[in-house]
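What follows is a short report on a single structure.
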Amino acid sequence: MVMSYAEIAKQPEALRRTPNLGEWADERAGWSWDSVVAELDLPDGLVNQAHECIDRHAAASPDKVAMIWEGSDGSVERYSFDEMRRHSNRFANALAALGIGKAERVFFFTDRIPELYFACFGTLKRGAIIAPLFSAFGPEPVKERIERAEGSVVVTTPNLLPKINAIRSDLPSLRHVIVIAHRAGAEVAPEDLDYQELVRDASEEYEIERTGSEDWSVMHFTSGTTGLPKGAAHVHNAVISHYATGKYVLDLHADDVYWCTADPGWVTGTSYGMFAPWSNGVTNLIYEGGFGASRWYETIARHNVTVWYTAPTAIRLLMKAGSDAARRHDLSSLRYVMSVGEPLNPEGVVWGEDAFQLPIHDNWWQTETGAIMIANYIGMPIRPGSMGRPFPGIEAAIIDDQFQPVDEPMKEGQLALKPGWPSMFRTYWNDQERYDSRFKGGWYLTGDRAKRDADGYFWFVGRDDDVINTAGHLVGPFEVESALIEHDSVAEAGVIGKPDPVAMEIVKAFVSLAAGVEPSERLRRELTRHCRERLGPGVAPREIEFIDTLPKTRSGKIMRRLLKARELGLPEGDTSTLEDD
Ligand code: AMP
């Protein structure tokens, strides 16, 4: 097996660290969330994520580099914890001056630029909620999310502003659009607010709002099988889990340079792109550019990244580029590589050994859990293909259809968690009923199917629903179907995830056409364009197939399960509820 304690001890001195987590079983037996809390600075029962991540460290080590930022053009900027404190204070003051108060939703629709991070922490200091959006979204997903959360503010950049302008008149709750224009050298229109101007006139000092553990902090949208995306809302208490998992799963040490490749538009990009490293006071690399094997390796080498958290799709693309591409760069600073978002194939784990002389450690969690729940720890032998074992403070189980734990090893069931960990989501915004439906028999139901082996390692089987996982991003079929149906030529649409060797799944749409419309290559292209414009390239279908009629239940619901079985040439299963032709 890979990387036991003894093997870590054999590593070169420069890379060797005593893992923060001791033997898994011992840590689990003696676990106490209270002792984690004791390491944080939570005066009078108050907790604020920005205080834990920024101000606490600005007081202790003001000049330590908090953020190394590398822009798409290769320029590099560095910000100390104290600079982060002052920049975020300015934004908190700017929000106060605009009359933005506690628990109001501030959306972020920007590229990964330093101001995004300053403004996010400023918003948290103000006691308002940050709601980051993926910058590759089209106007439709942006509109749905702001509408659902009744967002008051959007912070954006000139390149993305046209998408906001396209939907603005449909969003009565939206009071302010703040544009970070100075990096692009752009002018700000009179109806918008200029970020630079707002912060220039604002004070560098700000007294953080007195937020308690249950005050709202972060909202991320996640896709379900039915309906539009739901806003999973988290509270400031979540930082306890971010800190603990940063310390014990990411194994962060004071001198690490850490890089998480996820965008803050997805929960990994906030929990592990911001809160876990900064609550641990670690130097965090923010890389604005997109994927590119050589580019990524150069980035690791240039900044001496030691701990790297990425995703299976990226790892599969790196594997395609070959181990030699990795060996052409000096990656000797790396000491620990992790992955999340989709199952990491055993070949990926082992490939890490070949390319980096380090195995890749898979871990599992989701938007709703707010932090890592199951992991392969640095000091624990990896079982390639397994997600690992539960975090010490977490109880995970495989449960049957009656919500009873299944003790038999390797028996498939739904993966469930005992509620109550600090970063557990607290509601789906304006949809408490759906939230409640995720808790049954004393368990939180994850919606994933899995197995557990005799040694307590969990093995992912698949989703329990029709949600598509494409390159680690969840896509709700309903959202895509709705966009297709908006087109005049489309009568009905059914959308599934089609297996793909790189992205795990791609979005595939089956479309039946309106009366009198004939299928054609031109129409297929037109529908693709229509979806890309509305939804953005990450959500729009990669394949569209025309079919005469879609299989439906007698109650009229499209049977996506059947579309998928047919696509894969698998048995169709129980079709007793299928509508007669
Ligand atoms: P999200 O809420 O967008 O972060 O997506 C969470 C979902 O991604 C989980 O419920 C799983 O279906 C999938 N997922 C995340 N990490 C893993 C992993 N390590 N192995 C398998 N599936 C994963």
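The values are calculated or read from the model by the stated rules, or taken from the named source; none is laboratory data. Source: prediction; values computed, not measured. As a convention, Cβ positions derive from the backbone with ideal geometry for all residues, glycine included, and neighbour counts pool all protein chains shown. To get the accessible areas, we keep the full protein, side chains included, count just its heavy atoms, and leave off ligands, DNA and RNA. Shrake-Rupley method; radii C 1.70, N 1.55, O 1.52, S 1.80 Å.
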Given Cα positions, please report Rg to Rh for region 28-163, the hydrodynamic radius being the Kirkwood one. 1.02
Sequence order, region 299-309: Karplus ³J(HN,Hα) from phi using 6.51 cos²θ - 1.76 cosθ + 1.60, θ = phi - 60°, Hz rounded, Gly and Pro as x, gives 5, 4, 5, 4, 9, 6, 5, 9, 10, 10, 10
Using 7 Å Cα-to-Cβ label points, what is the Thr549/Thr226 separation (nm, one decimal)? 2.3
In nm, give the distance between the simple-model label positions of His182 and Arg200, each being 7 Å from the Cα along the Cα-to-Cβ direction. 0.7
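If you take the square roots of the eigenvalues of the alpha-carbon gyration tensor of region 144-191 and sort them as a ≥ b ≥ c, do you get rounded (a/c under 1.5), prolate (a/b over b/c) or oblate?
Working: a/c = 2.18, a/b = 2.14, b/c = 1.02.
It is prolate, given that a/c is not under 1.5 and a/b is the larger ratio.
May I ask you to list the GluC sites (Glu not before Pro) in region 416-516 that are in a DSSP loop and have at most 13 other Cβ atoms within 10 Å of their Cβ?
Values: sites: Glu433, Glu479, Glu481, Glu486, Glu492, Glu505; in loops: Glu486.
Passing both the DSSP loop test and the Cβ count: Glu486.
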Over region 276-414, the quotient of the Cα radius of gyration and 2.2 N^0.38 Å is 1.17
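Compute the accessible area per residue over region 109-197, keeping the other protein chains in place, probe 1.4 Å, unit Å².
Values: 2880 Å² over 89 residues.
Counting only protein heavy atoms, the per-residue value for region 109-197 is 32 Å².
Cα convex hull of region 483-544: mean projected area in nm², to one decimal?
Details: hull surface 16.2 nm².
That works out to 4.1 nm², a quarter of the Cα hull's surface.
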Hey, got a sec? Which trypsin sites (Lys or Arg not before Pro) in region 388-466 land in a DSSP loop and have at most 13 other Cβ atoms within 10 Å? Lys411
What accessible surface, in Å², does a 1.4 Å probe find on Thr261, ignoring ligands, DNA and RNA and rounding to the nearest 10? 30
Sorted largest first, extent of region 452-501 alpha carbons per principal axis (Å): 55, 20, 14
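With a 1.4 Å probe and every protein chain left in place, work out the accessible area per residue of region 221-308 in Å², rounded to a whole number. Numbers along the way, then the final one.
Working: 1690 Å² over 88 residues.
Ligands and nucleic acids excluded, the result is 19 Å² per residue.
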Please list Lys320, Lys102, Lys498 from largest to smallest accessible area, probe radius 1.4 Å, with all protein chains kept in place. Lys320, Lys102, Lys498
Of the heavy-atom accessible surface of region 39-155 (probe 1.4 angstrom), what whole percent is carbon and sulfur? 45
Once the whole set of protein chains is in place, how much accessible area is left on Trp69, using a 1.4 Å probe, in Å² to the nearest 10? 10
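Identify the GluC sites (Glu not before Pro) of region 117-184 meeting these criteria: DSSP loop state and at most 16 other C-beta atoms within 10 Å of the C-beta.
Numbers: sites: Glu144, Glu147, Glu150; in loops: Glu150.
Sparse-neighbourhood loop GluC sites (Glu not before Pro): Glu150.
Compute the orientation-averaged projected area for region 371-476 from the convex hull of its Cα atoms and round it to one decimal in nm². Provide the component values of the computation, followed by the final result.
Numbers: hull surface 30.5 nm².
Approximately 7.6 nm², given one-decimal rounding.
At 222 nm, what value in deg cm²/dmol follows for the chain if DSSP H runs of at least 4 each add -39500 (n - 2.57) and the sum is divided by all its residues, to the nearest 500? Could you put the intermediate results ahead of the total?
On the way: 20 runs with 169 residues, N = 581.
-8000 deg cm²/dmol, from helical runs alone.
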With +1 assigned to the C-beta of every Lys and Arg and -1 to the C-beta of every Asp and Glu, and no other charges, what is the dipole magnitude of the chain about the Cα centre in debye, to the nearest 20? 400
Can you list the equivalent-ellipsoid semi-axes of region 116-158, largest first and in whole Å, using the square root of 5 times each Cα gyration tensor eigenvalue? 19, 13, 7
For region 500-511, in order, what is each residue's ³J(HN,Hα) by Karplus, 6.51 cos²θ - 1.76 cosθ + 1.60 with θ = phi - 60°, in whole Hz (x at glycine and Pro)? 9, x, 9, 8, 6, 9, 10, 7, 10, 10, 9, 10
Using r as the Cβ-Cβ distance of Glu486 and Asp354, and R0 as 45 Å, what FRET efficiency do you calculate, to the nearest 0.05? 0.40
Given a 1.4 Å probe and the protein chains all in place, what does the accessible area of Phe137 round to, in Å² to the nearest 10? 10
Would you work out the relative contact order for the chain, in percent, from Cα pairs under 8 angstrom that are 6 or more residues apart? 13
What is the dipole size for region 27-105, taken about its Cα centre, with +1 at each Lys and Arg Cβ and -1 at each Asp and Glu Cβ, in debye to the nearest 20? 240
Does a label point 7 Å from the Cα of Glu533, set along Cα-to-beta-carbon, have any residues of region 475-515 with amide nitrogen under 17 Å, and which are they? 482-490
Note, ³J(HN,Hα) from phi for region 237-248, Karplus 6.51, -1.76, 1.60, rounded to Hz, x at Gly and Pro: 4, 4, 5, 5, 5, 4, 5, 5, 6, x, 6, 9
With Kirkwood's inverse mean 1/r over C-alpha pairs for Rh, give me the Rg to Rh ratio of region 240-320, two decimals please. 0.96
What is the ratio of the Cα radius of gyration of region 53-113 to 2.2 N^0.38 Å, with N the residue count, to two decimals? 1.32
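Given R₀ = 41 Å, what would the calculated FRET efficiency be for Val502 paired with Asp44, taking r from the Cβ atoms and rounding to 0.05? Before the final figure, lay out the partial values.
Details: r = 50 Å, r/R0 = 1.23.
Efficiency computed from Cβ-Cβ geometry: 0.25.
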If every alpha-carbon in region 161-295 counts as one equal scatterer, what log10 I(q)/I(0) does Debye give at q = 0.12, 0.13, 0.14 1/Å? -0.75, -0.88, -1.02
Place a +1 charge on the Cβ of each Lys and Arg in region 31-163 and a -1 charge on the Cβ of each Asp and Glu, then give the dipole magnitude about the Cα centre in debye, rounded to the nearest 20. 360
Global geometry of region 193-253, whether rounded, prolate or oblate, following the gyration tensor of its Cα atoms and the 1.5 cut on a/c: oblate
Mind checking the per residue accessible area of region 428-581 for me, 1.4 Å probe, whole number of Å²? 49
Rounded to a whole number, what is D in µm²/s for region 231-271 from Stokes-Einstein with the Kirkwood radius over alpha-carbon pairs (4 °C, 1.567 mPa s)? 113
With the charge dipole of region 482-556 built from beta-carbon charges (+1 for Lys and Arg, -1 for Asp and Glu) about the Cα centre, the Cα from Gly497, Thr549, Cys531 projecting farthest to the positive end belongs to Gly497
Binning at 20 angstrom from zero up to the longest distance, how are the C-alpha pair distances of the chain distributed in percent? 20, 55, 24, 1
Expressed as a whole-number percentage, the relative contact order of region 457-581 with C-alpha contacts under 8 angstrom and at least six residues apart is 22
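Can you pull the percent of region 362-507's accessible area that's carbon plus sulfur, 1.4 Å probe, other chains left in place?
Here it works out to 47 percent.
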